[in-house]
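Read through the structure below, which is laid out as structure tokens, and then see the notes.
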Amino acid sequence: MSLKSFLHNLHYDIDKTKPPDLVVDWEDGPLAYKLYRGLPVVPLSPEIPLTLEDVEAPVKPDLRRMGHFLWYVFGLTQLSQSVLASNSMVQTMGLLQLYRRFVPSGGALYPNELYVYLKMEDLPAGIYHYDVAHHRLVLLREGDFDSYLARALGNRCDVSACFGAVFVSTMFWKNFFKYNNFSYRLQGLDAGALIGQLLEVAKRFGFSSGVYFRFLDRAVNDLLGVSEQEESVYAVIPLSVEPAKSWFANRNEEEGNVSATELCSELPTLQHDHYVRSRRVKEFPMLIKMNEASLLETLRSIPRIGEEKIVPFGDQTVPLPRAKRLLYDLASVSRKRYSPDSDFMMSKVSQEQLALLLQEAMASFTYWNDLDEEHENLVSRISLYVCLYNIDGIPAGAYYYDSAAHALRPVRYGDFRLQLQHGMSSDNVNLIQVPICFHIAGDKDHLTAAMGYRGYRIQQMEAGMLVQRLLLAASAVGLGGHPLLGFDARLCDEIYKMTSQGITSLIQIPVGSYRHSPRLAGGLHG
């Protein structure tokens with residue numbers, strides 16, 4: 001299968017991404033976290049602060065504070081046990097027990113891993129893996145790697161001005177075992193949700209940050225000691241207490257760019273032992289093929305990607321109430337975030353709630369990244385559409401959210417809940433009970449024209465970042481949201497008249513009031 005056909009199937013023909021006779025071997029499933037063995041470890045404080053309400057002063061962190069940061073980004077936060085009557089897995093799995101985190105993940109499988117490069121007074125400088133299961137750091141490679149990392153980023157970052165950097169990787173098998181090739185789409189979205197949470201937590205800790213989507217992959221993977229046959233880094237996020245504009249995309253013109261091969265030759269190869277639990281790891285050749293097609297051996301400049309494409313509208317708009325930015329305790333909102341399934345409950349939503357939800361999600365999404373370089377991202381590559389029903393004072397219909405005008409632009413009027421329900425590949429969510437159904441849209445060619453196949457995973461990551469912002473904003477206004485990929489993209493594109501505009505629906509997020517389903521849940525924090 002060609003890579004182009006593979007991406008088409010991921011988006012429009014999901015059934016073709018998995019064998020029709022696929023049987024998931026739950027007994028041999030991998031752990032949701034990576035465990036290194038036989039390496040030095042650094043325990044992190046279990047006494048986690050229970051609030052993140054105020055923005056802290058920009059002070060270089062010590063080990064204790066860094067541990068708090070990592071826990072709020074990706075730590076194990078809750079143990080949940082439940083039995084769902086409609087769950088076809090019950091007979092084979094028995095009691096459904098899940099370890100939750102503050103970010104959503106398809107099937108709660110969490111294919112991503114976090115690595116950090118840290119330079120702090122109370123910790124040897126080096127590369128560490130965040131061991132989620134034990135809330136500790138595992139030392140992988142000791143030393144100062146400022147120069148190496150700066151060159152791996154194309155000399156576009158003053159790494160010496162940063163106290164560290166976070167590497168977000170994907171382990172292919174962790175959700176391939178359940179979703180087969182469809183896992184490739186999930187992996188980018190999951191990585192994006194994780195990055196979205198990381199950037200929000202960084203703000204509360206007083207850290208400046210920026211996302212590098214383009215870097216010398218093999219050089220970065222070698223630095224961490226990960227094999228591209230099973231895992232690869234998707235994004236690099238340096239952290240600093242200096243303003244991002246002073247160090248992000250700060251080019252060092254004196255040093256010429258190097259190739260990944262040249263950089264890799266500078267470091268001894270790491271061969272660390274790690275445990276995944278699965279006794280039989282199946283092959284995933286298409287994921288490896290896509291990853292290899294996305295790798296960068298050298299960094300060249302790319303054309304600036306144009307502004308977002310939107311469907312041409314008439315002059316009609318639905319202005320939304322203006323409000324101040326939401327001030328909320330990120331810790332509390334993260335704990336309350338809930339993904340309703342069949343437990344959505346129809347209730348009228350006020351214009352003020354909808355306005356706060358839209359405004360906060362888009363306003364919080366601006367961030368430094370290496371595609372816009374010297375400018376903070378203004379959501380130019382993805383856009384937000386929504387089907388509304390039972391909103392106070394707003395007719396039911398399909399709308400585009402114009403963030404600059406803080407207004408809705410009508411595309412079609414009418415109740416689309418039944419059509420959206422018919423477009424679902426599974427009946428796990430009752431959309432008839434949902435007043436707000438978001439669709440994040442982006443370029444139909446998935447940015448491959450500008451950035452090759454790496455553009456696909458970048459688009460998925462940016463969509464995932466906006467998803468996390470929507471979920472946090474929904475939680476802050478007392479609503480729940482459930483990201484869904486089992487929907488008919490063609491149907492949604494038709495509803496919003498996207499088909500002829502070169503854009504498509506990337507992910508569906510129903511949002512509304514809910515009842516908690518029966519389950520036993522407990523928080524995991526000191």
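Some observations on this one:
- Here the range 327-345 is the region considered, the condition is being of a type outside the set (D, E, K, R), touching a strand residue (DSSP E or B) at 6+ places or on another chain (Cβ under 7 Å) and part of a loop (DSSP other than H, G, I, E, B), and the residue that is farthest from Glu200 (Cα to Cα) is Met345.
- Some residue of the range 426-433 being free of Cβ contacts under 8 Å to residues at least 24 places away in the same chain, open to solvent by 10 Å² or more (accessible area, probe 1.4 Å) and β-branched (Val, Ile, Thr): no
- Evaluation of Ser227 against (1) in a strand (DSSP E or B); (2) without any contact (Cβ under 8 Å) to a residue 12 or more places away in the chain (one fails), failing number: (1)
- Checked against (1) without any contact (Cβ under 8 Å) to a residue 24 or more places away in the chain; (2) among the small types (Gly, Ala, Ser); (3) in contact with a strand residue (DSSP E or B) (Cβ under 6 Å, 6 or more places away or on another chain), Ala404 passes all but condition (3).
- Boolean, Leu10 is surrounded by 15 or more Cβ atoms within 10 Å (Cβ to Cβ), within 30 Å of Ile458 (Cβ to Cβ) and either in contact with a Lys or Arg (Cβ under 9 Å, 6 or more places away or on another chain) or not β-branched (Val, Ile, Thr) (or both): yes
- Residues considered: Gly478, Gly486. Of these, the only one that is out of contact with any strand residue (DSSP E or B) (no Cβ under 9 Å at 6 or more places or on another chain), at pLDDT below 95 and not in a strand (DSSP E or B) is Gly478.
- Test result for Leu239, assigned to a helix (DSSP H, G or I), in contact with a strand residue (DSSP E or B) (Cβ under 9 Å, 6 or more places away or on another chain) and either free of Cβ contacts under 8 Å to residues at least 40 places away in the same chain or within 30 Å of Arg65 (Cα to Cα) (or both): no
- Candidates Gly486, Gly481 - the one that is of a type outside the set (Val, Ile, Thr) and under 29 Å from Lys4 (Cβ atoms): Gly486
- Looking across the range 383-425 at every residue that is surrounded by 14 or more Cβ atoms within 10 Å (Cβ to Cβ) and among the small types (Gly, Ala, Ser), the one that is nearest to Met461 (Cα to Cα) is identified as Ser383.
- The residue that is most open to solvent (accessible area, probe 1.4 Å), among those in the range 40-62 that are of a type in the set (A, V, I, L, M, F, W, C) and in a loop (DSSP other than H, G, I, E, B), is Val55.
- Residue within the range 50-58 that is at pLDDT below 95 and either over 27 Å from Val241 (Cα atoms) or among the hydroxyl-bearing types (Ser, Thr, Tyr) (or both) present: yes
- The range 147-180 - residue that is touching a Phe, Trp or Tyr at 6+ places or on another chain (Cβ under 6 Å) and either among the hydrophobic types (A, V, I, L, M, F, W, C) or part of a helix (DSSP H, G or I) (or both) and, of those, nearest to Gly29 (Cα to Cα): Phe176
- Matching residues in the range 8-21 - criterion: being assigned to a helix (DSSP H, G or I) and either out of contact with any helix residue (DSSP H, G or I) (no Cβ under 6 Å at 6 or more places or on another chain) or under 15 Å from Leu491 (Cα atoms) (or both): His8, His11, Tyr12, Ile14, Asp15
- A single member of Tyr234, Tyr179 is within 30 Å of Ser332 (Cα to Cα) and in contact (Cβ under 8 Å) with a residue 40 or more places away in the chain, and it is Tyr234.
- Annotation: of all residues in the range 101-122 being open to solvent by 10 Å² or more (accessible area, probe 1.4 Å) and in a strand (DSSP E or B), the one that is farthest from Ser169 (Cα to Cα) is Met120.
- Selection from the range 127-161 of residues that are of a type in the set (D, E, K, R), closer than 17 Å to Trp247 by Cβ, touching a residue at least 60 places away in the same chain (Cβ under 8 Å) and open to solvent by 20 Å² or more (accessible area, probe 1.4 Å): Arg151, Asp158
- Restricting attention to the range 444-492 and to residues that are among the basic types (Lys, Arg) and open to solvent by less than 10 Å² (accessible area, probe 1.4 Å), the residue that is farthest from Tyr234 (Cα to Cα) turns out to be Arg469.
The values are calculated or read from the model by the stated rules, or taken from the named source; none is laboratory data. These numbers come from a predicted model, not from an experiment. Here Cβ is always computed from backbone atoms with ideal geometry, including for glycine, and neighbour counts include all displayed protein chains. These accessible areas exclude ligands, DNA and RNA; they are computed on the full protein's heavy atoms, side chains included. Shrake-Rupley method; radii C 1.70, N 1.55, O 1.52, S 1.80 Å.
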